[in-house]
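The values are calculated or read from the model by the stated rules, or taken from the named source; none is laboratory data. Just so it is clear, the structure is predicted and the values come from calculations on it, not from any experiment. Every residue, glycine as well, gets a Cβ built from its backbone with ideal geometry; the counts of neighbours run over all protein chains shown.
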Amino acid sequence: MKKKLLIVLIVLLFAGCSLKDITQPDHTENENLQMEQTGKTASDKPEVLLSGLDAPWSIQEVEETLFVSERTGSIVQLKDGKVKREPVELKEKLSEESEAGLLGFLLAPGFEDSGQGFAYYTYELDGKPVNRVVTLQYEEGSWKETNVLLDQIPSGNYHHGGRIKIGFDNKLYVTTGDAKQGEIAQDVNSLGGKILRMNLDGSIPDDNPFPNSYVYSYGHRNPQGLTWDLEGRLYSSEHGESGKDELNQIEPGKNYGWPEIEGDEKNAEMETPLIHAGDNTWAPSGIAYNNGKIYIASLRGEALKAYDIVTKDIKDIVTDQGRIRDVYIDGTYLYFISNNTDGRGNPDKKDDRLYRIPLTNLK
């Protein structure tokens, strides 16, 4: 009996899943992952939809069903007032490096019929962390990795990047960190410190700025947010080294400076940000656009910020929920997730949480 159990454990480890990942939460476990009935309010105070999330990273929605990825390897689904945590069966075991794990998560166009999604995650290759972009298939209450679109994206102890989004051009955009090796951000032959662009099947688009290359822009330190305005302009948030966190407007083939310049520093061949944090630290992560403003999830800044594209003013919208990892906007609500359980926050017993704010409350 012990021998059989050992074999099962080994199989699970090689499949990239822990026992926790492949078991559905029982009633006791669900007590820490439940709906909080707060009711509607006319105030600006965010409404809590979920509590008990485990280091959440990305928010997605389709047909009024919300999905939240957890860095530990699960997808939480909220549908018709009911919540369930479902495992993600990956082909490689998630890395346990700081900031690593299941990061970017995205539903494919037509998910309602296909059940397909995309993910960006960190694993160990020859004892060192690397990142990969994969397709996922959802069926029978679980998610399974199906195909690898891009592998061996540089990684390290920190700076994994990890945001994935589909643009108006139906291409997949991917942010990658410099893996704490600043020089690779300036190397267009490296996948680290970049924003990458690919077809949904993982092939390289013919109109990418560098021939036979996934690289769309370079000179990035640790970009973690992507969004587009209604004119199709691409924006990205980026962690600075010590302060000087950035919001950039991204153009194909352009160099965004790291590690040669940051903040207000100038170089004729490099781009400067729309705005930066100066000597403060935001640690910006997910971003979303709505009605002329870009909303920025801020980790160390512990705020949800709003940047006005026209006036260039920036202000805090939410300041009392701790670290904020991602923000998502549909036609009615702005959703955001706290990230106090990521190892750097001060979580309370109900962290982390999924919140929403009616768009009519945003000023």
Practice item. Kindly list the number of the only condition in (1) surrounded by fewer than 24 Cβ atoms within 10 Å (Cβ to Cβ); (2) under 19 Å from the mean Cα position of the chain (by Cα); (3) assigned to a loop (DSSP other than H, G, I, E, B) that fails for LEU226. Key: (3)
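Just for region 286-333: of the residues that are among the acidic types (Asp, Glu) and out of contact with any helix residue (DSSP H, G or I) (no Cβ under 9 Å at 6 or more places or on another chain), which one is surrounded by the fewest Cβ atoms within 10 Å (Cβ to Cβ)?
Filtering region 286-333 for residues among the acidic types (Asp, Glu) gives 302, 308, 313, 316, 320, 326, 330.
Remaining after also requiring out of contact with any helix residue (DSSP H, G or I) (no Cβ under 9 Å at 6 or more places or on another chain): 302, 308, 313, 316, 320, 326.
Details: GLU302: 20, ASP308: 13, ASP313: 11, ASP316: 14, ASP320: 9, ASP326: 27.
Only one residue fits best here, namely ASP320.
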Exercise for review: Filter region 51-80 for residues that are closer than 13 Å to PHE105 by Cβ, out of contact with any Lys or Arg (no Cβ under 8 Å at 6 or more places or on another chain) and of a type in the set (A, V, I, L, M) and give the result.
Suggested key: ILE59, VAL62, VAL68
Revision key, fill the gap. Residue hits (region 133-175; buried (at least 17 other Cβ atoms within 10 Å of the Cβ) and in contact with a helix residue (DSSP H, G or I) (Cβ under 9 Å, 6 or more places away or on another chain)) are TYR138, SER142, PRO154
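Residue-wise test of (1) at pLDDT below 95; (2) touching an Asp or Glu at 6+ places or on another chain (Cβ under 8 Å).
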residue: GLU96; (1), (2): yes, no
residue: LEU103; (1), (2): no, no
residue: PRO109; (1), (2): no, no
residue: LYS144; (1), (2): no, yes
residue: ILE153; (1), (2): no, no
residue: GLY156; (1), (2): yes, yes
residue: GLY162; (1), (2): no, no
residue: ILE166; (1), (2): no, no
residue: THR175; (1), (2): no, no
Exercise for review: Out of SER217, SER213, SER190, report the one residue that is among the small types (Gly, Ala, Ser), part of a strand (DSSP E or B) and touching a residue at least 24 places away in the same chain (Cβ under 8 Å).
Suggested key: SER217
Practice item. Please enumerate the residues belonging to region 81-131 that are within 16 Å of VAL62 (Cβ to Cβ) and touching a Lys or Arg at 6+ places or on another chain (Cβ under 7 Å). Key: LEU106
Exercise for review: Scan (1) crowded, with 19+ Cβ neighbours inside 10 Å; (2) over 26 Å from PHE105 (Cα atoms); (3) out of contact with any His (no Cβ under 8 Å at 6 or more places or on another chain) for the single condition LYS244 breaks and write down its number.
Suggested key: (3)
Check your understanding: Any idea how many residues of region 247-275 are crowded, with 21+ Cβ neighbours inside 10 Å and either over 23 Å from the mean Cα position of the chain (by Cα) or more than 24 Å from TYR328 (Cβ to Cβ) (or both)?
Key -> 4
